[in-house]
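What follows is a single structure, written as C-alpha cells, with notes after it.
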Amino acid sequence: MTQPHSGPKPRTLDSGTLAAAEKVLGVGRGGPFYRRLLPFLGPAFVAAVAYVDPGNFATNIQGGAKYGYTLLWVIIVSNLMAMLIQLLSAKLGIATGLNLAELCRDRLPRPMVWVMWVIMEVVAIATDLAEFIGAAVGLYLLFHIPPVWAGLITAVITFLVLGLQGYGFRPIEAVIAVLIGIVALSYLIEIFLVKPDLALVAHAVFFPRFVDRESLVLATGILGATVMPHVIFLHSALMQGRIVVKDPVKLKRLFRYEIADVVLAMTIAGAVNAAMLIMAASTFYSRGLYEIGTIEEAYLTLTPFLGRAASDIFAVSLLASGLSSSAVGTMSGQVIMQGFLHYKIPIWVRRLVTVTPALVVLAMGLDATRTLVISQVVLSFGLPFAVIPLVVFSGNKKLMGPLVNRPLTSALASASALLIIALNVYLLYSLAAG
C-alpha cells in the first residue's frame, strides 16, 4: 500500500478519543454498538454538510414549487449515490494514508493534474458562492442586514469556526454536528406543519419521471447539490491521518465503523433534502404557486400559509446551513490545493479569493436563488473529475490492499459515474437544442 508523504499535515484526535478507538479496534466486539461507534463518528458528518447546503435549498424549493413531488426520486437516487461515493472516499484515505488529490498528483499525467486542479478550484468557487449567498440571505431574512454586510459577517463567523482546526478533529466536528442538527430539526418541524400527502409522496418515489427540459436542469442541479465533488476530496483527507492502523483485521474493522458513520450522516442529509422538496411541494405547488422561484419568496409566502414561526424556522435552517457549509468548503479548498500542488496559502487569502465572487453577486443584487441553482449545475459538471479517479483508485488491489473494492462495489460505483456523465451530456444537448 502507498504510504503518506509530504503533503498537508493531518489533524489529530484527542488522546482520550484515540485511545477509545484503538481499544475498540483491538478488542472487536464488546459493549453496545452505539458506544463502540462513538469514537469513529464525525468525518461523514463534516462531509454531509455539503449535502444540506444553501444550494440544496435553492434546487429543492424550485423543484418542489414547480413540479410538486415529481423530483423526489432524484433526491433519493442522488443520496444513495452520494453514500456509496463517500464510502469509497473514506476507504481510500484509510487504506492509503493519502487523500484523493494527492493520489491524482502522484499517479496521473502532469497536464491532467493541472487541468483537474483548475476544474476543482472552479468547483470550490461555485461552492463558496452558494454557501455565502445562502448564509447572507438567512441573515437578511432574520435580521434585515443588508446582503453585502451579511456576507462579510458570514466570512468572519467562518474564520472563527475554522480556527477550531488548530485544536484537532473533535471541536470542529462538534460545531458542524450542532449546525446540521439545527437544519434537521427545523425541517422536522416544517414537515409537521405542512402535513404532506403521503400517497403522492410514495407515487413520486416509485414512479420516476421527468416532465420537461427545465425539470432535467433542476434534476442536474439536485444531483450537483447532493453528490458534491469537493467533499469527495475532503472525506479522504479527513480519514487519512485520523486513526492510523496497518493490521488488515483492524483496517476492516475501522472501515466497518466508518460505514456506520456514513450511513447515519447521509441518511440524515437525505431526509433533510427530501423534506425541503416536500415542504415546497405541499406549501406552494399544492396551491398553484408554481413560480415560487426564490428563497426570499418562499420565506415570505410561508407566513400567510403556515405562520411567522414557519418562516423564521426556515431562515434559521438556511443560516445554519450556510455557516457550516462555508467552513467545510474552505477546508475542501485547502485539501484540493495542497493535494494537487503541495502548496499552501494562508487561509485568510484563500477565503478572500473565494468569497469575492459571492460579495460581487450580493452587491449587484442578482437573483440569489437562480445563482445558487446555476452554481449547483457547475458542481455537477465537476463530478466526473472526482468520481472517475476515485473509482479507479479504490479498485486498485496494490493500492488498497485488504480494502480494495469488491466487484459489485466497483460495478455500482462505475454505474454511478456513468449516470452522472450521461445526465450531464444530455443536459448539454438539451440546452443547446433549446
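Please find, among 238, 277, the residue that is of a type outside the set (Phe, Trp, Tyr), assigned to a helix (DSSP H, G or I), touching a residue at least 12 places away in the same chain (Cβ under 8 Å) and under 29 Å from residue 21 (Cα atoms).
Testing whether each residue is of a type outside the set (Phe, Trp, Tyr), assigned to a helix (DSSP H, G or I), touching a residue at least 12 places away in the same chain (Cβ under 8 Å) and under 29 Å from residue 21 (Cα atoms) leaves just 238.
Quick one: residue 383 ticks every box in (1) buried (at least 16 other Cβ atoms within 10 Å of the Cβ); (2) over 18 Å from residue 112 (Cβ atoms) bar one, so which box is it?
Every condition holds for residue 383 apart from (2).
Could you tell me how many of the residues in the stretch 79-99 are more than 18 Å from the chain's Cα centre (by Cα) and more than 25 Å from residue 249 (Cβ to Cβ)?
0
Regarding residue 89, is this residue out of contact with any Lys or Arg (no Cβ under 6 Å at 6 or more places or on another chain), hydroxyl-bearing (Ser, Thr, Tyr) and at pLDDT below 90?
No, not satisfied.
Report, by residue number, each residue of the stretch 224-252 that is at pLDDT 85 or above and of a type in the set (Val, Ile, Thr).
231, 232, 249
Under 8 Å by Cβ, and 6 or more places apart or on different chains, what pairs join a residue from the stretch 324-336 that is part of a helix (DSSP H, G or I) with one that is buried (at least 24 other Cβ atoms within 10 Å of the Cβ) and among the aromatic types (Phe, Trp, Tyr)?
Qualifying pairs under 8 Å: 326/132; 332/233; 335/233; 336/233.
Determine which single condition residue 258 fails, assuming it passes every other condition in (1) of a type in the set (D, E, K, R); (2) more than 21 Å from the chain's Cα centre (by Cα); (3) modelled with pLDDT of 85 or more.
Only one criterion in (1) of a type in the set (D, E, K, R); (2) more than 21 Å from the chain's Cα centre (by Cα); (3) modelled with pLDDT of 85 or more is unmet by residue 258, namely (2).
Conditions (1) closer than 28 Å to residue 81 by Cα; (2) surrounded by 15 or more Cβ atoms within 10 Å (Cβ to Cβ); (3) in contact with a strand residue (DSSP E or B) (Cβ under 7 Å, 6 or more places away or on another chain); (4) at pLDDT 85 or above, marked per residue:
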site: 113; (1), (2), (3), (4): yes, yes, no, yes
site: 131; (1), (2), (3), (4): yes, yes, no, no
site: 135; (1), (2), (3), (4): yes, yes, no, no
site: 160; (1), (2), (3), (4): no, no, no, no
site: 196; (1), (2), (3), (4): yes, yes, no, yes
site: 204; (1), (2), (3), (4): yes, yes, no, yes
site: 215; (1), (2), (3), (4): yes, yes, no, no
site: 220; (1), (2), (3), (4): yes, yes, no, no
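One line per residue, one yes/no per condition, for (1) touching a helix residue (DSSP H, G or I) at 6+ places or on another chain (Cβ under 7 Å); (2) buried (at least 24 other Cβ atoms within 10 Å of the Cβ); (3) more than 23 Å from residue 133 (Cβ to Cβ):
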| residue | (1), (2), (3) |
| --- | --- |
| 261 | yes, no, yes |
| 273 | yes, yes, no |
| 282 | yes, yes, yes |
| 291 | no, no, no |
| 311 | yes, no, no |
| 314 | yes, yes, no |
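Among what's in the stretch 158-185 and is farther than 22 Å from residue 40 by Cβ and not aliphatic (A, V, I, L, M), pick the residue that is nearest to the chain's Cα centre (by Cα).
158
Checking the structure you have, find out if any residue of the stretch 376-389 is part of a helix (DSSP H, G or I), among the polar types (S, T, N, Q), at pLDDT below 75 and under 15 Å from residue 54 (Cβ atoms).
yes
Being aromatic (Phe, Trp, Tyr) and under 20 Å from residue 321 (Cα atoms): is that true of residue 40 here?
So residue 40 does not fit the description; no.
Suppose we filter 395, 329 for residues that are within 30 Å of residue 240 (Cβ to Cβ), buried (at least 20 other Cβ atoms within 10 Å of the Cβ) and either at pLDDT below 80 or not polar (S, T, N, Q) (or both); which single one remains?
From the options 395, 329, the qualifying one is 329.
Kindly provide the set of residues from the stretch 352-370 that are surrounded by fewer than 20 Cβ atoms within 10 Å (Cβ to Cβ), within 22 Å of the chain's Cα centre (by Cα) and either among the aromatic types (Phe, Trp, Tyr) or modelled with pLDDT under 75 (or both), ordered by number.
Scanning the stretch 352-370 gives 352, 353, 370.
Could we say that residue 322 is crowded, with 20+ Cβ neighbours inside 10 Å, over 19 Å from residue 60 (Cα atoms), of a type outside the set (Lys, Arg) and in contact with a helix residue (DSSP H, G or I) (Cβ under 8 Å, 6 or more places away or on another chain) here?
So residue 322 fails the test.
For the stretch 138-145, check the following and say yes or no: at least one residue is closer than 19 Å to residue 332 by Cβ, touching a residue at least 24 places away in the same chain (Cβ under 8 Å) and part of a helix (DSSP H, G or I).
no
The values are calculated or read from the model by the stated rules, or taken from the named source; none is laboratory data. None of the values given here were measured: they were computed from a predicted structure. Positions of Cβ are backbone-derived with ideal geometry, glycine not excepted, and every protein chain shown enters the neighbour counts.
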